[in-house]
Amino acid sequence: MEALLSKELFPDVQNIITEDDEPVDNIFSEKQQRLLTESLNTAWNGNGSPFFVAANVGVFYALYEPPVVPDVFLSLDVQPRADWENSNRKTYFCWEFGKPPEVAIEIVSNRKGKELDKKFKDYARTGVWYYIVFDPFGELKREMNGDLVRFYELRHGAYSLMNDFWLESIGLALRLWEGEYEGWQGTWLRWCDEMGNVIPTGKELAAQEKHRAEQEKHRADTAEAKLAALSEKLRALGLDPDASA
């Protein structure tokens, strides 16, 4: 992806505060953020292109504007560089990466976050294609008409409510999922494919591989037992199953 500006025109960011060391709101939010980042980094191929998914990282879209800080964001066709000590690489400067992220996700913890007010406008101004609001504790129950999650798509500079969970432009979807993650049972927001199959975590991948291996072993053991039984029947008939034809 080409940068929005030539290198000579990049602003001096030495004095920009990119980290404020504020903790996340609660344990659930921290786990939910990690679930969304881990699964993509573990089991998604970016549709054949590099991608960057991050939690609680500032997105600077204009030099003299404060950043937006999504709980989770996804940016396609970009790849962070290795020299993290460089001030230009410590956060997501849109002029450095060449574009804003495609997806921003906010996990509502209380009514102070302004997810459907200030942040709603900020993400649209930033140019984020898809804005997802997940309200696991029902803090915005009235504003969201009881929905736990809402999907918005940027159209003509403003967000429109989506009727579908499929984010067509990026080839991914998000859906609510009931299950256990890191020992916590609950309702989680999960990346998934168009059919609703969730993108697995590393632990889930390992469990799937173990299950496949056990099935293969069971099939092999069953085939071996059937062969042994057939050999015994042939011997009972006076035939040698090991004899050459």
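Figures for the structure shown
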quantity: Residue in the range 195-213 that is of a type outside the set (G, A, S), modelled with pLDDT of 95 or more and not in a loop (DSSP other than H, G, I, E, B) present; calculated: yes
quantity: Subset tally (residues that are assigned to a helix (DSSP H, G or I) and crowded, with 17+ Cβ neighbours inside 10 Å) for the range 42-67; calculated: 1
quantity: Selected residue (criterion: nearest to W166 (Cα to Cα)) from residues of the range 92-118 that are of a type outside the set (A, V, I, L, M, F, W, C) and within 20 Å of the chain's Cα centre (by Cα); calculated: E102
quantity: Criterion (in contact with an Asp or Glu (Cβ under 6 Å, 6 or more places away or on another chain) and either surrounded by 12 or more Cβ atoms within 10 Å (Cβ to Cβ) or not assigned by TED's automatic domain parsing to the domain that holds P136 (or both)) met by exactly one of T222, T201; calculated: T201
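Conditions (1) more than 15 Å from V69 (Cα to Cα); (2) modelled with pLDDT of 95 or more, marked per residue:
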site	(1), (2)
W84	yes, no
Y92	no, no
W95	yes, no
R142	yes, no
L148	yes, yes
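The values are calculated or read from the model by the stated rules, or taken from the named source; none is laboratory data. Quick caveat: nothing in here was measured; it's all calculated off a predicted structure. Here Cβ is always computed from backbone atoms with ideal geometry, including for glycine, and neighbour counts include all displayed protein chains.
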